[in-house]
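The values are calculated or read from the model by the stated rules, or taken from the named source; none is laboratory data. Here the structure is a predicted model, which is why all the values come from computation and not from measurement. Here the Cβ is made from the backbone with ideal geometry for all residues, glycine too, and neighbour counts use every protein chain on show.
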Amino acid sequence: MLIPPTHTSRFTLPFPLSPPPFLAMSAAFTSAPPLLFRGASARAAVIPRRSRRARPSRAPRMSARATAPGNALTLHVDAASRRYPILFANAVLHKPETFAPYLTGDKALVVTNTTVAALYLDRVTAALAAAGVAVFVEVLPDGEEFKSLEYAAKIWDACMRHRLDRKSTLVALGGGVIGDITGFAAAAFVRGVPFIQVPTTLLAVVDSSVGGKTAVNHPMGKNMIGAFYQPHAVVVDTDVLATLDDRQLAAGIAEVVKYGIIRDWQFFEWCEANIDRLVARDQAALRYAMVQSCKHKADIVAADERESGVRATLNLGHTFGHAIEACMGYGAWLHGEAVAAGMVMACEMSVRMGWISSDVTQRVERVFARASLPIRPPPSVTLQNFMTYISVDKKVEAGVLRLILLEAPGKAVLTADFPESVLFDTIMHYHQLYKASPGTYEHAMLGLPQ
């Protein structure tokens, strides 16, 4: 049954926005203006109503250009600000020719973390030195909780200490945290220096390393301080995935599956059929998943570099997921884990809007569960907690909350066209499931913190 349009009205949250204890000193939550919820007359990407039997979208046409010499494959991202390659190859981190084309000056600073440094730092620094540049290193602690201005400043301190200039290159060797913080540091240092992404997690390969969204976290919100700043190259050595632990692999699989959910239902069906191969680290399946995901990401970035339109759909589940990450404390849940639960919530809300059938949500849940991903939010994150963090989400504009929902299988939209009651009911649905069967609910979270 379709939900009828609601009249545009100013909606004040029916409870005080009291933050969790670690944010209690901040006045931002108590002084922020209330959110607005808009119905069918909203100006923000209002979408037409669809029946529950809306047809799945067809696979989009890819615009990313690819070349494939030998066992390597190179895609190109045609962003408005810069065109750059994504190189897929095996065992290339130790080769000077991997990096030489993208080094513009005589110095390079490699930023990595303690975990990745033990695995790959020596071969990357040796390759850079052999390419003819002086190489410096900044090793940060490992974890989402260190993606902050404090640790970005350590990168800038290293840049100053080693006298880097505008032609020097920063190299981000690590997962999404290292890529985001290094990219942000590169964007800000002397108003912009070249940087190279060398992702070492599946999530970083298929999502954060491509597209130029760089940022650090603020205690009140994830990725709230950042810049759009494209890398000069993305180097994917597929051999590094062998050292990923199972949780990190699953977190990356969540972002792979996301591309099918939001824009290519045939790819989602491929993920359904091949999820066991991905979990088992089948090299052919992983390579196909990575390449297809990066093609989708490159296509979207080429069309909308600064997230003014279609690029926002990449954030399916992220509004809920970021609230989970922030409320639980950065690092307790991996980003991909929180987003998996958030995507299930977004699908459930889309069902309640009458836009998709409950079968779609169930299929998404089954795929994530087979990858050992959570399909429920932690019960300790209350309605009040969710609304507190949602109120400072980056997609809030002029006090109006916008969400990414599914108009049809494989077709996500950015919309403010929903009643507040549907959002509240969606969140409360999971608390009701927990109360009805705590053991079953906890099993659906796979032992993650509650």
Give me the pairs, please: first residue somewhere in the range 66-81 and under 14 Å from Ile300 (Cβ atoms) and of a type in the set (Gly, Ala, Ser), second residue anywhere and part of a loop (DSSP other than H, G, I, E, B) and at pLDDT 90 or above, beta-carbon distance under 7 Å, and either six or more positions apart or on two chains.
Ala79/Gly212; Ala79/Gln230; Ala79/Glu305; Ala80/Glu305
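Here is a yes/no grid of residues against (1) in contact with an Asp or Glu (Cβ under 9 Å, 6 or more places away or on another chain); (2) of a type in the set (A, V, I, L, M); (3) modelled with pLDDT of 95 or more; (4) under 25 Å from Asp78 (Cα atoms):
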| position | (1), (2), (3), (4) |
| --- | --- |
| Ala280 | no, yes, yes, no |
| Ala303 | no, yes, yes, yes |
| Gly309 | no, no, no, yes |
| Thr313 | no, no, yes, yes |
| Ala332 | yes, yes, no, no |
| Ala341 | no, yes, yes, no |
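Yes or no, residue by residue, for (1) assigned by TED's automatic domain parsing to the domain that holds Thr114; (2) within 15 Å of the chain's Cα centre (by Cα); (3) part of a helix (DSSP H, G or I):
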position	(1), (2), (3)
Met160	yes, no, yes
Leu164	yes, no, no
Ala172	yes, no, no
Asp180	yes, yes, yes
Ala186	yes, no, yes
Val190	yes, no, yes
Leu203	yes, yes, yes
Asn223	yes, yes, no
Gln230	yes, no, no
Looking at Ala302, Ala298, Ala312, Ala332, which is the one that is over 25 Å from Leu401 (Cα atoms) and out of contact with any Ser or Thr (no Cβ under 8 Å at 6 or more places or on another chain)?
Ala332
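So, Gly105, is that one on the phi > 0 side of the Ramachandran plot and outside any helix (DSSP H, G or I) or not? I'd like the intermediate steps shown before the answer.
Numbers: on the phi > 0 side of the Ramachandran plot: no; outside any helix (DSSP H, G or I): yes.
No; evaluated as a whole, the condition is false for this residue.
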Only one of these is closer than 20 Å to Ile253 by Cα, aliphatic (A, V, I, L, M), over 18 Å from the mean Cα position of the chain (by Cα) and surrounded by fewer than 24 Cβ atoms within 10 Å (Cβ to Cβ): Ala369, Ala398. Name it.
Ala369
Mind checking which pairs have a first residue in the range 337-354 that is of a type in the set (Asp, Glu) and a second that is surrounded by fewer than 24 Cβ atoms within 10 Å (Cβ to Cβ), Cβ under 7 Å, 6 or more apart or different chains?
Glu337/Leu448; Glu348/Thr361; Glu348/Thr426; Glu348/His429
Tell me the residue from Val198, Val216 that is among the aliphatic types (A, V, I, L, M) and either part of a loop (DSSP other than H, G, I, E, B) or buried (at least 24 other Cβ atoms within 10 Å of the Cβ) (or both), please.
Val198
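Any residue at all in the range 274-283 that's surrounded by 22 or more Cβ atoms within 10 Å (Cβ to Cβ) and not assigned by TED's automatic domain parsing to the domain that holds Lys147? It would help to see each step written out before you state the result.
Looking only at the range 274-283, we keep the residues that are surrounded by 22 or more Cβ atoms within 10 Å (Cβ to Cβ), and these are 278.
This time we only want the ones that are not assigned by TED's automatic domain parsing to the domain that holds Lys147, so: 278.
Among the residues of the range 274-283, at least one is surrounded by 22 or more Cβ atoms within 10 Å (Cβ to Cβ) and not assigned by TED's automatic domain parsing to the domain that holds Lys147, which makes the answer yes.
Has the range 116-139 got any residue that is at pLDDT below 95 and touching a Leu at 6+ places or on another chain (Cβ under 9 Å)? It would help to see each step written out before you state the result.
Keep residues of the range 116-139 that are at pLDDT below 95, which gives none.
The answer is no, given that none of the residues of the range 116-139 is at pLDDT below 95 and touching a Leu at 6+ places or on another chain (Cβ under 9 Å).
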If Met353 passes every condition in (1) under 20 Å from Ala254 (Cα atoms); (2) over 18 Å from the mean Cα position of the chain (by Cα) but one, which one does it miss?
(1)
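For Ser81, state whether it is over 19 Å from Ala129 (Cα atoms), at pLDDT below 55, polar (S, T, N, Q) and assigned to a loop (DSSP other than H, G, I, E, B).
On the way: over 19 Å from Ala129 (Cα atoms): yes; at pLDDT below 55: no; polar (S, T, N, Q): yes; assigned to a loop (DSSP other than H, G, I, E, B): yes.
So Ser81 fails the test.
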So, in the range 121-160, how many residues would count as being of a type in the set (D, E, K, R), surrounded by fewer than 15 Cβ atoms within 10 Å (Cβ to Cβ) and without any contact (Cβ under 8 Å) to a residue 24 or more places away in the chain?
3
